[in-house]
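Where a number appears in this text, it was derived from the coordinates with a stated rule and is not lab data. Predicted model only: the values in this text are computed from it and were never measured. Reconstructed Cβ throughout: ideal geometry from the backbone, glycine too, with neighbour counts over all protein chains shown.
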C-alpha cells in the first residue's frame, strides 16, 4: 500500500551516530569509548543552531563496524564517516549536511577493514 506521503521524506537526512558502549573486557571496541556521545550532542546542537531542521541526528547502538570507529552514517545517502574530533563533526555538518558535498578524507569505504595492531 502506498500513499502520497510515501514519496516524501520526513527528514532530508537522518544521521545515526554509533554510541555503543561495551565493557572494558569486551573482545571488540565500541564507538562509545571514543567520545561518541559528545560528538552526537555537538552535532545535534550545531545542526539546530544552523537551522538544519530537515536533518535528524540520533544515537545508534552497534552499527557493526566499531573496530573502525567512532562512526556515523548519513541516510538516505548511505555515506559512512569515521571521525576523531569535533572539528571533523563540524566539517561533516557543514560540507555534507549543509551543502550536500562529501568529506572525502573522513569517508569510510564500504569494504574498509579494521587495522589490527600487535
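One table, with the values for the structure above:
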{"item": "Theoretical ellipticity at 222 nm over the chain - DSSP helices of four or more residues, -39500 (n - 2.57) apiece, nearest 500", "result": "-5500 deg cm²/dmol"}
{"item": "Per-bin percent of Cα-Cα distances, the chain [5 Å]", "result": "2, 11, 21, 23, 18, 11, 7, 4, 1, 1, 0"}
{"item": "Projected label distance in nm at residue 28 and residue 95, using a 7 Å step from Cα toward the beta-carbon", "result": "2.8"}
{"item": "C-alpha long axis of helix 36-49 to longest principal axis of the chain, angle in °", "result": "20"}
{"item": "Percent antiparallel among DSSP beta bridges (both partners in the chain, rounded to 5)", "result": "60"}
